[in-house]
Amino acid sequence: MNVLGEREREAVASVLASLEQDVSVMLELGPAAAPVTLLAAGGGEIDPGDQTRAILEDVCSLSERINLEVVERDEPGPWPRTTIGPGLRYLGMPLGYELTTLVHGIVEAGRREPSLTAASRGRLGALERDVAIDVYVTPT
Amino acid sequence: MLLAYKLALASPRIHASGIEASEFAVEADRHGVHAVPAIVVDDRYAWAGSVPETAFVDRVLAALGD
């Protein structure tokens with residue numbers, strides 16, 4: 001099922017055409033650890049798992065360099081969870097601007113060299129322990 | 001969020017996640033998130049708002065105390 005409009009599909013395909021290497025995308029689905037009710041503009045209830053699956057299947061179909069794997073979990077957890085490449089994670093539905101970010105995240109993971117500046121890479125190279133960066137967003 | 005991903009791709013020490021705040025409201029509340037984008041470093045609220053790459057790296061390192 002295509003959830004993106006024709007213009008969106010063309011735009012996403014154009015961005016994904018810059019992938020320099022194959023990228024794996026894993027979507028984990030299952031019961032939410034802390035369920036919330038999400039309503040669409042028309043008042044109907046949204047299933048985040050179904051919606052995310054439809055979006056990712058549509059996006060990932062637009063490049064032969066992307067391999068999408070969908071995993072169904074039995075235990076409650078932070079689902080839907082999308083993992084791009086070596087471990088870029090997104091929890092929730094990638095809607096609105098976050099879909100754009102997700103697509104560009106795939107492109108970043110598909111680069112042969114990181115796009116971060118050499119100066120920033122040098123500073124991060126001094127890190128002596130693991131660091132978790134969580135970025136909270138809302139669909140806009 | 002894209003900058004966090006770029007940092008994670010540049011350093012194996014960094015693990016980056018984007019989190020949709022309304023779906024994960026319990027976690028957002030726990031981290032004191034009132035505006036987005038909100039950046040949490042090592043489980044502690046760090047700042048809100050988009051900043052350029054250099055400032056982003058500055059703030060992450062400052063949040064670590066490094």
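Quick notes on this one:
Yes/no matrix, rows are residues, columns are (1) in contact with a strand residue (DSSP E or B) (Cβ under 7 Å, 6 or more places away or on another chain); (2) outside any helix (DSSP H, G or I); (3) facing chain B (nearest Cβ under 7 Å):
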| position | (1), (2), (3) |
| --- | --- |
| A:Leu99 | no, no, no |
| A:Leu102 | yes, no, no |
| A:Glu108 | no, no, yes |
| A:Arg111 | no, yes, no |
| A:Gly122 | no, no, no |
| A:Ala126 | no, yes, no |
| A:Ile133 | yes, yes, yes |
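- Leading residue by the ranking (modelled with the lowest pLDDT) among those in segment A:1-45 that are surrounded by 15 or more Cβ atoms within 10 Å (Cβ to Cβ) and of a type in the set (Val, Ile, Thr): A:Val3
- Strands (runs of 3 or more DSSP E) wholly inside segment B:1-53 that include at least 2 residues being over 21 Å from A:Leu102 (Cα atoms): B:44-48
- Only one of the numbered conditions (1) without any contact (Cβ under 8 Å) to a residue 12 or more places away in the chain; (2) farther than 19 Å from B:Ala4 by Cβ is violated by A:Val12, and that is (1).
- Any chance A:Thr83 is more than 9 Å from chain B (Cβ to nearest Cβ), within 20 Å of B:Ala4 (Cβ to Cβ), free of Cβ contacts under 8 Å to residues at least 60 places away in the same chain and in a strand (DSSP E or B): yes
- None of B:Phe24, B:Phe56 is of a type in the set (Phe, Trp, Tyr), at negative phi and within 11 Å of the chain's Cα centre (by Cα) except B:Phe56.
The values are calculated or read from the model by the stated rules, or taken from the named source; none is laboratory data. Since this is a predicted model, take the numbers as computed values, not measurements. So basically every Cβ, Gly included, is an ideal-geometry build from the backbone, and we count neighbours across all protein chains shown.
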